[in-house]
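The values are calculated or read from the model by the stated rules, or taken from the named source; none is laboratory data. Owing to the predicted nature of the structure, the values given are computational and were not obtained by experimental measurement. Glycine also receives a Cβ, built like all others from the backbone with ideal geometry; neighbour counts cover every protein chain displayed.
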Amino acid sequence: MKRFVRIEAVILCLAVLFLAACSETGIQVDSDSNDSTESTAVTERQPEAVISEDNLREYVIVRTDGKRPLLIESATYINDAVKEIFGYSLRLNNDWLDEIGGEKAPELEILIGDTNRPESEEVLATLENDGDYAIRFVGKKLVIVGKTDTATREAAKRFADEFIKKELFLKEDLSLCGNIDVTDVFLEYEDLSAHLHKELYPGVTSTFYSLPSDSPYGLQKFTVVEFDPEQPDLYFCVTKGGTTANKLVTVGNTVKKFNAENDRGLTAISAVNGDLWMVSYAHARIEGKGTTYKDCSDPVVTKSLTVPRGFNIYDGEIITSSHSKLETPYEGDFYSFGVTEDGRAVLGNPQLNISVKNASKGLTASADGLNRLPANNALMVYSDIYSTSNYSLSDAFEIVIDCGGDYTVRHGETVKGKVIAITEPGGKKYDMQANYIILTARGTKKSLLEKYTVGDTVEVSFKVTDKMGNDALWQNMKNAVGGHIPVIIDGRSQGSKDNTAYPASILGIKDNGNVVMITCDGRQSSWSTGVKISALDELCADLGIKTAFLLDGGGSAEMVNLNGDSYKTVNKPSDGSSRTVVNTVIIAYGPKRDTGEGN
């Protein structure tokens, strides 16, 4: 059996570590110096051993109730050290047991984090800054707590490394405090057990989490980027990577294009993949391929056509309306996440209402979508931000409108133009060009366009509403991205039952209004298994997120962060390399916005 060493070794260890002794009988360490001085004389009474070889097995490791990843990791790290040195594990518990039903909490506890025990509260009250932590006995309970979970984890790691693994006596006069810089790179990213927290740009932080396989979420690696969208020099942007909005481009290449071509002097800080998109084997079934998706086998396009799944806005321009009920099979509403020009983040269910008026003939019609698939029995509107062709089937009726100059699709806008060409079923198709709008109708909707003639004046009007009641916000939205499903809305779980372990990217809003971007790795058994979709609500709640929205995932899940003067993919995409995606969400810095508050 291994033995604990004497108390003199504790003092020597503390001097080497430069930890500050907080009791009156300890060693005072100046944080700016390697010199230590006595604060008061050491009393002659030799302190008693509180934790020793004889009673260590009786101690219970207690952390706060709730799945807070860093506290789980802290408790696990200490227990792993005990098992490594002594060959057994301590009992792990949450702090819910506190004289419930007359049963008192155990006397011998190692308290991790801000538990509900009065001993934890007593020590926590002495800490001031985010990086402060303390390791201290209060009676027979050992309290290991930081002002933040990051600091608690550092305290737990040092306790395990410098006491448990070195088999040191734990005396009643043990009272240590320390501090870490939570805004600096304290550990290298390659240290997979590390919790890495750093500042990418003033006001933008990146935190890397590594959870062990016995955590409530299993083996997980994920990164969280957080920022205040109201900070006037920060910008939430959604953008395409190609010349048109239906091109698939990697997140990294989209970042390069964004930096080179945006006209507002913005520079990307962090970026994640955005919306899902229709694929040829599913909704966009290609004529002659014989593909079937959920009992739907009718062809939709003549060639593969990329279409984002949800409602998307790039720099004030509406790119796509949300998935139409006529794009079979219809799988329900698709939500969107947006940020207004003044920095208000919101999750919504925006709807784009499109009115088409032939002013020359006095004809009006409602379109079924903007830049959607040319579905059967639908009237779709295509803008010049989109493809050179919508690859509609030969049965389509199409009207080509020249708007005579630049236009932008946005709420309240009416775009006017002249009909310059008409394609009747079986006729010649016309490619999209700058300043054009093309109306495409199939099936029962063809009759809406049959009376149009070349030279007619056409007006296309756009109005945005929101099923969640935030019409005004969505009518003034600057950037928005569609995606998969809401995870939490205003603190209420959306109750997903999907147990798929999924690499994913998530956008969220915290109580203080900050926005977070999260990318979780998955489908890699030795690295990260992926969080179950059904467990994302708890994970987001543990991270302090009140509203969360799941973007695209699988092999698409990727995060690229500013790394000095270059960019680095900070996760490990499950494909083994970066996948091309339909759009990218970017946090950028640039000239300060006018907040209207004056100087």
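With the requirement that a residue be of a type in the set (A, V, I, L, M, F, W, C), farther than 15 Å from residue 165 by Cβ and modelled with pLDDT of 85 or more, what does the stretch 80-108 give you? Lay out the reasoning, then the answer.
Here is the first cut: in the stretch 80-108, the residues of a type in the set (A, V, I, L, M, F, W, C) are 81-82, 85-86, 90, 92, 96-97, 100, 105, 108.
Checking the rest, the ones that are also farther than 15 Å from residue 165 by Cβ come to 92, 96-97, 100, 105, 108.
If the condition is that a residue be of a type in the set (A, V, I, L, M, F, W, C), farther than 15 Å from residue 165 by Cβ and modelled with pLDDT of 85 or more, then 92, 108 are the ones that fit.
If you check 202, 212, 229, which single one turns out to be farther than 25 Å from residue 486 by Cα and either aromatic (Phe, Trp, Tyr) or modelled with pLDDT of 95 or more (or both)?
Details: 212 fails: either aromatic (Phe, Trp, Tyr) or modelled with pLDDT of 95 or more (or both); 229 fails: farther than 25 Å from residue 486 by Cα.
One residue alone meets the criteria, 202.
Residues 263, 275: which one is outside any strand (DSSP E or B) and in contact (Cβ under 8 Å) with a residue 24 or more places away in the chain? Give the derivation first.
On the way: 263 fails: in contact (Cβ under 8 Å) with a residue 24 or more places away in the chain.
The unique qualifying residue is 275.
Tell me, which strands (runs of 3 or more DSSP E) wholly within the stretch 318-432 include 3 or more residues that are within 18 Å of residue 305 (Cβ to Cβ) and of a type in the set (D, E, K, R)? Please lay out each step first, then the result.
Numbers: elements: 336-340, 345-348, 350-358, 363-367, 379-382, 397-402, 414-423.
No strands (runs of 3 or more DSSP E) qualify here.
Kindly evaluate residue 498 against the criterion of being of a type in the set (Asp, Glu), in the same structural domain as residue 235 (by TED's automatic domain parsing), farther than 18 Å from residue 312 by Cα and touching a helix residue (DSSP H, G or I) at 6+ places or on another chain (Cβ under 8 Å). Steps first, please.
Working: of a type in the set (Asp, Glu): yes; in the same structural domain as residue 235 (by TED's automatic domain parsing): yes; farther than 18 Å from residue 312 by Cα: yes; touching a helix residue (DSSP H, G or I) at 6+ places or on another chain (Cβ under 8 Å): yes.
Yes: the conditions hold for residue 498.
Give the stretch 121-132 a look and list any residue that's under 12 Å from residue 155 (Cβ atoms) and touching a Gly at 6+ places or on another chain (Cβ under 9 Å), or say none. Spell out the reasoning first.
Quick first cut of the stretch 121-132, residues under 12 Å from residue 155 (Cβ atoms) only: 123-124, 127, 131-132.
The answer is 124, 127, 131, 132.
Say whether the condition of being at positive phi and within 35 Å of the chain's Cα centre (by Cα) is met by at least one residue in the stretch 493-514. Write out each step before concluding.
At the first step, the residues of the stretch 493-514 found to be at positive phi are 495, 513.
After this cut, where a residue has to be within 35 Å of the chain's Cα centre (by Cα) as well, the list is 495, 513.
The answer is yes, given that some residue of the stretch 493-514 is at positive phi and within 35 Å of the chain's Cα centre (by Cα).
Could you tell me which residue of the stretch 550-576 is surrounded by the most Cβ atoms within 10 Å (Cβ to Cβ), considering only residues that are out of contact with any strand residue (DSSP E or B) (no Cβ under 9 Å at 6 or more places or on another chain), over 26 Å from residue 313 (Cβ atoms) and small (Gly, Ala, Ser)?
576
For the stretch 364-387, state whether one or more residues are over 29 Å from the mean Cα position of the chain (by Cα) and closer than 30 Å to residue 508 by Cβ.
Of all residues in the stretch 364-387, those over 29 Å from the mean Cα position of the chain (by Cα) come to 364-368, 374-384, 387.
Checking the rest, the ones that are also closer than 30 Å to residue 508 by Cβ come to none.
No, the stretch 364-387 has no match at all.
May I ask you to list the residues in the stretch 63-79 that are modelled with pLDDT of 80 or more and of a type in the set (Gly, Ala, Ser)?
Residues satisfying the conditions are 74, 75.
Going by the conditions given, is residue 473 closer than 20 Å to residue 538 by Cβ, touching a residue at least 24 places away in the same chain (Cβ under 8 Å) and either outside the structural domain of residue 549 (by TED's automatic domain parsing) or not acidic (Asp, Glu) (or both)? Lay out the reasoning, then the answer.
On the way: closer than 20 Å to residue 538 by Cβ: no; touching a residue at least 24 places away in the same chain (Cβ under 8 Å): yes; either outside the structural domain of residue 549 (by TED's automatic domain parsing) or not acidic (Asp, Glu) (or both): yes.
Criteria not met by residue 473.
Going by the structure shown, is residue 450 part of a loop (DSSP other than H, G, I, E, B), under 30 Å from residue 404 (Cα atoms) and acidic (Asp, Glu)? Before you say what the answer is, go through the steps one by one.
On the way: part of a loop (DSSP other than H, G, I, E, B): yes; under 30 Å from residue 404 (Cα atoms): yes; acidic (Asp, Glu): yes.
For residue 450, the condition - part of a loop (DSSP other than H, G, I, E, B), under 30 Å from residue 404 (Cα atoms) and acidic (Asp, Glu) - is met.
Test residue 547 against the stated conditions and say whether it is surrounded by fewer than 24 Cβ atoms within 10 Å (Cβ to Cβ), under 15 Å from residue 488 (Cβ atoms) and more than 10 Å from the chain's Cα centre (by Cα).
On the way: surrounded by fewer than 24 Cβ atoms within 10 Å (Cβ to Cβ): yes; under 15 Å from residue 488 (Cβ atoms): yes; more than 10 Å from the chain's Cα centre (by Cα): yes.
Spelling it out, residue 547 is indeed surrounded by fewer than 24 Cβ atoms within 10 Å (Cβ to Cβ), under 15 Å from residue 488 (Cβ atoms) and more than 10 Å from the chain's Cα centre (by Cα).
Given the conditions (1) touching a Lys or Arg at 6+ places or on another chain (Cβ under 9 Å); (2) surrounded by 14 or more Cβ atoms within 10 Å (Cβ to Cβ); (3) of a type in the set (Phe, Trp, Tyr), which single one is not true for residue 281?
Condition (2) is where residue 281 drops out.
Got a sec? Which of 396, 375 is crowded, with 22+ Cβ neighbours inside 10 Å, of a type in the set (Gly, Ala, Ser) and over 17 Å from residue 280 (Cα atoms)?
On the way: 375 fails: over 17 Å from residue 280 (Cα atoms).
None of the other options fit; the residue is 396.
Taking the stretch 205-241 on its own, how many of its residues are assigned to a loop (DSSP other than H, G, I, E, B) and more than 19 Å from residue 588 (Cβ to Cβ)? Steps first, please.
Kept after step one, since they are assigned to a loop (DSSP other than H, G, I, E, B), are these residues of the stretch 205-241: 212-219, 228-233, 240-241.
Of the ones still in play, those that are also more than 19 Å from residue 588 (Cβ to Cβ) are 212-219.
Selection size over the stretch 205-241: 8.
Considering only residues that are modelled with pLDDT of 95 or more and of a type in the set (S, T, N, Q), look in the stretch 388-397 and name the one that is nearest to the chain's Cα centre (by Cα).
Checked the stretch 388-397; the qualifying residue nearest to the chain's Cα centre (by Cα) is 392.
Just one of (1) surrounded by fewer than 18 Cβ atoms within 10 Å (Cβ to Cβ); (2) in contact with a strand residue (DSSP E or B) (Cβ under 7 Å, 6 or more places away or on another chain); (3) polar (S, T, N, Q) trips up residue 433, so point out which.
(2)
Would it be correct to say that residue 535 is farther than 18 Å from residue 200 by Cβ and either surrounded by 24 or more Cβ atoms within 10 Å (Cβ to Cβ) or without any contact (Cβ under 8 Å) to a residue 40 or more places away in the chain (or both)? Before you say what the answer is, go through the steps one by one.
Numbers: farther than 18 Å from residue 200 by Cβ: yes; either surrounded by 24 or more Cβ atoms within 10 Å (Cβ to Cβ) or without any contact (Cβ under 8 Å) to a residue 40 or more places away in the chain (or both): no.
Against the criterion (farther than 18 Å from residue 200 by Cβ and either surrounded by 24 or more Cβ atoms within 10 Å (Cβ to Cβ) or without any contact (Cβ under 8 Å) to a residue 40 or more places away in the chain (or both)), residue 535 does not qualify.
Is there a residue in the stretch 444-453 that is at pLDDT 95 or above, crowded, with 16+ Cβ neighbours inside 10 Å, farther than 17 Å from residue 355 by Cα and of a type in the set (Lys, Arg)?
The answer is no; no qualifying residue exists.
So, residue 306, is that one within 28 Å of the chain's Cα centre (by Cα), in the same structural domain as residue 560 (by TED's automatic domain parsing) and within 24 Å of residue 389 (Cα to Cα) or not? Even if it seems obvious, please write down each step before you answer.
On the way: within 28 Å of the chain's Cα centre (by Cα): yes; in the same structural domain as residue 560 (by TED's automatic domain parsing): no; within 24 Å of residue 389 (Cα to Cα): yes.
So residue 306 fails the test.
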